[in-house]
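**Student:** There's a structure below that I have some questions on.
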Ligand code: ASP
């Protein structure tokens, strides 16, 4: 009996630690929360070097966004600056380093939303625009639409002057090997090595982190940021390669406004990561904001309710980061880990990976 009680107490403590909220910020102060995906991230697999690499990457990206906010920049600018860095970082499943579809292509999704006016922009299945989050922002600011998909989205990116790259730009050996392993394991055909990819290495690459996505389909490396600027506006952005081995054309939750990305100054801003289909069906991001707006819940309570109750009831996995205009900064996830960082003006940067960290 005692043992069972201890077990429950332990489980409760871990759950509580995985979702500790920060004290709200005074008016006029900035704040930012960043995620780099959630999933079965274990100390034994990541190793000290992998862990250090992820923490350094999160710190660098977070510092860029914090710098923008500290100089009086907007939440949107901070989000774009932070995500641009993560999109270029091969450790994360966004931009360069994105996972492959079952046909060996990188199809990228992204969204951004401005909490001040509910303007939003999103892209799905883009293959040539280096920074999908910047393309999502261009859709929001320079087109009358909310979502653009595929070749039309890339063509729009080229028209508005965003950097276009050969699709092989997004290729990384580690992701490719991970796809091959997954497809072989599942008995699915392995597509030819992408055109333009560097020749295969003589020896298998040594991954920075031993995260084996083929062994674990529940590893997500999407990136997202929510931010509060000094003008009191909040915004959210998310960028991803989606799910490894996905069917070409599959669109996840990240570019679906209200599912993987949402922001309203009246409630909250949210960026999600996880098995997108569940997040779409639950409208996770909007659901959390609705609990804040209409049920008067604290942000942490609302996020925990959706992630630990509603998502779990459907057996979905993943997590969210969220923020309010009064500076509640939270994360909530039901996976063993989520790459994450947060900072409020005048405070220290908190970086976490596992669910037993605050
Ligand atoms: N949510 C993303 C998707 O389903 C995947 C992820 O978070 O890693 O496309």
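**Student:** Would you mind computing, in nm to one decimal, how far apart the modelled labels at residue 349 and residue 312 are, each placed 7 Å from Cα along Cα→Cβ?
**Tutor:** Label at residue 349, label at residue 312, 3.2 nm between them.
**Student:** In nm, to one decimal, how far is the modelled label at residue 168 from the one at residue 195, with both set 7 Å along Cα→Cβ?
**Tutor:** So the two model labels end up 1.0 nm from each other.
**Student:** For residue 184 and residue 52, compute 0.36 nm times the residue count separating them, minus their Cα-Cα distance, and round to one decimal in nm. Walk me through the numbers on the way to the answer.
**Tutor:** On the way: separation 132, 0.36 × 132 = 47.52 nm, distance 3.06 nm.
Between residue 184 and residue 52, full extension yields 44.5 nm more.
**Student:** Please list 55-63, 307-315, 102-110, 259-267 highest first by mean number of surrounding beta-carbon atoms within 10 Å per residue.
**Tutor:** Listed from highest to lowest mean packing, they are 259-267, 102-110, 55-63, 307-315.
**Student:** Could the peptides 275-284, 189-198 be put in order, highest first, of the mean number of other beta-carbon atoms found within 10 Å of their residues?
**Tutor:** Working: 275-284: 21.9, 189-198: 12.2.
Output ranking for 275-284, 189-198: 275-284, 189-198.
**Student:** Follow-up question, since we're still on this one. Determine, for each peptide in 153-165, 221-233, 40-52, 85-97, the mean count of other beta carbons within 10 angstrom over its residues, then list the peptides with the highest first.
**Tutor:** In decreasing order of mean packing, 153-165, 221-233, 40-52, 85-97 become 221-233, 85-97, 153-165, 40-52.
**Student:** Taking 7 Å along the Cα-to-C-beta vector as the label spot, tell me the residue 294-residue 356 distance in nanometres, rounded to one decimal.
**Tutor:** For the pair residue 294/residue 356, the computed spacing is 4.0 nm.
**Student:** Let me ask you something else. Measure out, as a whole number of angstrom, how far apart the alpha-carbon centroids of segment 285-358 and segment 116-157 sit.
**Tutor:** 26
**Student:** Just the ratio, please: alpha-carbon radius of gyration of segment 81-145 over 2.2 N^0.38 Å, N its number of residues.
**Tutor:** 1.15
**Student:** To the nearest 500 deg cm²/dmol, what mean residue ellipticity at 222 nm is calculated for the chain from DSSP H runs of n ≥ 4 alone, each contributing -39,500 (n - 2.57), summed and divided by the residues?
**Tutor:** Helices in the chain give a 222 nm mean residue ellipticity of -10500 deg cm²/dmol.
**Student:** What's the percent breakdown of Cα-Cα distances in the chain across 10 Å bins, shortest bin first?
**Tutor:** Taking all Cα pairs of the chain, the binned fractions are 6, 28, 36, 22, 7, 1, 0 percent.
All of the numbers you see were taken from the coordinates with simple rules; none came from a lab. Because the structure is a prediction, the values reported are computed rather than measured. Backbone-built Cβ (ideal geometry, glycine too); neighbour counts: all protein chains shown.
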